[in-house]
């Protein structure tokens, strides 16, 4: 898998939270076909346009530059690089270069709970750094490696973290009242990571800079919103040219209000805030959630996309995650859906193999020497089921 949780029963890192009980995830009364066909409500909140316009002006006020880490962050001393993001927060990251000259860079986000050190995640994704593809592993503000300038945030990345709700209940209404919420600030960190990667590529490889973005669970949500916000900002350049995401959280809130709340992860923490809020405050919070909802942002995405969806998941509810994929604005021939039986749930070897297989599929999808449609052609029969990948082939086409 793509993001960042170690698990003794998984062959790859996981994401937001992982169930430890043996009760299977909720199916919400839907068949697999109905789950995967879910369409969410893409209606924007009243504050959407003004908030994101102000946010963009603040985020782009400075040019982010990737530089060698100067001051050790004790929370994760394995960060090798950093860049400055919104509100002058230094974001820790780890850069892995391929043996060949840089052709492209994939920015990799992370999940919410049990996030491993950067060097451990780098080992898990070591085989991505080939064929000219650099790998930039990023930790958004408050997570280990990016805590030097965020003493006001609780340490994020562990099971008991309340990071996702920081600022969510800030008093007031309107666009300015959304600014204290940490999640849009984390989107700024991902956007600036992509900008910093693009600047590095331009400096080293010329104007043809190919930036890819990858994330799972919380990281998927940040990646989807960041990709959408970057689209159309530069003439003839979407900035993010390929997107890989899986099991997105914090999405499809109108539907989620009609369903049983999750017991763990980001959604569970948000639902507890909603449950304790007076009615008027609850309405304000739901509006803020809509401002960040990946279902609302996904129609702006036009680049090729590879998405992992679960048939059943109640940490990142499977129907809500499917609604993000179904809302994508890219042509049907430029998006691919990879299915796993269960998402945030340890469900045995067969399920773990599907997650591990997705990581191999993602590696092929991101090969910069091959067009995505050519890379994905050999995976077509394995997108819905299968335990073993296609035979290895060598890609030789242009980017």
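The values are calculated or read from the model by the stated rules, or taken from the named source; none is laboratory data. Note that the coordinates shown come from a computational prediction; the quantities given were computed from them, not determined experimentally. Neighbour counts are summed over all protein chains in view; Cβ atoms, including those assigned to glycine, are modelled from backbone coordinates with ideal geometry.
Among the residues making up region 335-369, those that are closer than 18 Å to residue 106 by Cα and without any contact (Cβ under 8 Å) to a residue 40 or more places away in the chain are 335, 360, 364.
Okay, residues lined up against (1) in a loop (DSSP other than H, G, I, E, B); (2) in contact with a strand residue (DSSP E or B) (Cβ under 8 Å, 6 or more places away or on another chain):
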site	(1), (2)
135	no, yes
141	yes, yes
145	yes, yes
148	yes, yes
151	yes, no
161	yes, yes
171	yes, no
188	no, no
192	no, yes
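Here residue 203 clears all of (1) outside any loop (DSSP other than H, G, I, E, B); (2) in contact (Cβ under 8 Å) with a residue 60 or more places away in the chain; (3) more than 17 Å from residue 243 (Cβ to Cβ) except the condition numbered (2). Taking the listed residues 166, 158, the one that is without any contact (Cβ under 8 Å) to a residue 60 or more places away in the chain and touching a helix residue (DSSP H, G or I) at 6+ places or on another chain (Cβ under 7 Å) is 166, with no other qualifying. With respect to the conditions (1) over 22 Å from residue 34 (Cα atoms); (2) crowded, with 18+ Cβ neighbours inside 10 Å; (3) in contact (Cβ under 8 Å) with a residue 24 or more places away in the chain; (4) touching a helix residue (DSSP H, G or I) at 6+ places or on another chain (Cβ under 7 Å), residue 375 falls short on a single one, namely (3). Residue-level check: of (1) surrounded by fewer than 24 Cβ atoms within 10 Å (Cβ to Cβ); (2) in contact with a helix residue (DSSP H, G or I) (Cβ under 9 Å, 6 or more places away or on another chain); (3) under 21 Å from residue 52 (Cα atoms), residue 261 misses just (3). Out of curiosity, is residue 229 closer than 22 Å to residue 164 by Cβ and in a helix (DSSP H, G or I)? Yes, satisfied.
All of 20, 11 fail the test of being surrounded by 14 or more Cβ atoms within 10 Å (Cβ to Cβ), at pLDDT below 95 and out of contact with any strand residue (DSSP E or B) (no Cβ under 7 Å at 6 or more places or on another chain), apart from 11. Number of residues in region 200-234 that are at pLDDT below 95 and at positive phi: the value is 2. Determine whether region 115-129 contains at least one residue that is buried (at least 19 other Cβ atoms within 10 Å of the Cβ), at positive phi, touching a residue at least 12 places away in the same chain (Cβ under 8 Å) and within 20 Å of the chain's Cα centre (by Cα). Looking through region 115-129, none of the residues is buried (at least 19 other Cβ atoms within 10 Å of the Cβ), at positive phi, touching a residue at least 12 places away in the same chain (Cβ under 8 Å) and within 20 Å of the chain's Cα centre (by Cα). Here is the figure for region 64-86: residues that are over 15 Å from residue 117 (Cβ atoms) and touching a helix residue (DSSP H, G or I) at 6+ places or on another chain (Cβ under 7 Å) total 6. The set of residues in region 235-265 that are touching a residue at least 60 places away in the same chain (Cβ under 8 Å) and at positive phi comprises 247, 250, 252, 265.
Screening the candidates 177, 220, 197 for the property of being part of a helix (DSSP H, G or I) and within 17 Å of residue 64 (Cα to Cα) yields one hit, 197. Confirm whether residue 103 is touching a strand residue (DSSP E or B) at 6+ places or on another chain (Cβ under 8 Å) and surrounded by 19 or more Cβ atoms within 10 Å (Cβ to Cβ). Answer is yes for this residue. Checking each residue of region 33-45 against the condition of being touching a helix residue (DSSP H, G or I) at 6+ places or on another chain (Cβ under 7 Å), modelled with pLDDT of 95 or more and within 19 Å of residue 144 (Cβ to Cβ) gives no match.
Residue 68 satisfies every condition listed in (1) closer than 27 Å to residue 180 by Cα; (2) in contact with a strand residue (DSSP E or B) (Cβ under 7 Å, 6 or more places away or on another chain); (3) surrounded by fewer than 20 Cβ atoms within 10 Å (Cβ to Cβ) except (1).
In the set (1) buried (at least 20 other Cβ atoms within 10 Å of the Cβ); (2) under 24 Å from residue 249 (Cα atoms); (3) modelled with pLDDT of 95 or more, the condition left unmet by residue 76 is number (2).
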